1. Could you list, in sequence order, all residues of the stretch 42-59 that are out of contact with any Pro (no Cβ under 9 Å at 6 or more places or on another chain) and either at pLDDT 95 or above or within 13 Å of Ile3 (Cα to Cα) (or both)?
2. Considering only residues that are touching a residue at least 12 places away in the same chain (Cβ under 8 Å) and of a type in the set (S, T, N, Q), look in the stretch 11-30 and name the one that is surrounded by the most Cβ atoms within 10 Å (Cβ to Cβ).
3. With respect to Lys19, determine if the residue is assigned to a strand (DSSP E or B), basic (Lys, Arg) and modelled with pLDDT of 95 or more.
4. Consider Val11 carefully, then state whether it is modelled with pLDDT under 95 and not acidic (Asp, Glu).
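The values are calculated or read from the model by the stated rules, or taken from the named source; none is laboratory data. Because the structure is predicted, anything quoted here is derived from the model rather than measured. Cβ placement follows ideal geometry from the backbone for every residue including glycine, while neighbour counts extend to all protein chains displayed.
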Amino acid sequence: MAIDPICKMTVDEKTAKWKSEFQGKTYCFCAPGCKKAFDQEPQKYVGPGPEKKGCGCCH
């Protein structure tokens with residue numbers, strides 16, 4: 001299982017409908033809104049920094 005980098009929900013990599021590649025790694029998303037937010041600013045959600053929760057894009 002993968003963790004959606006936007007909302008921190010658990011996503012099954014095998015069945016995930018929404019995926020993006022960034023710096024050689026595949027990220028899976030629970031909803032198209034999370035993928036869109038990631039695609040616009042992936043560096044904001046990857047790497048060290050404060051944990052982001054409750055984005056509201058997938059609820």
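1. Glu51, Lys53, listed by residue number.
2. Here the answer is Ser20.
3. Criteria met by Lys19.
4. Values: modelled with pLDDT under 95: no; not acidic (Asp, Glu): yes.
Against the criterion (modelled with pLDDT under 95 and not acidic (Asp, Glu)), Val11 does not qualify.
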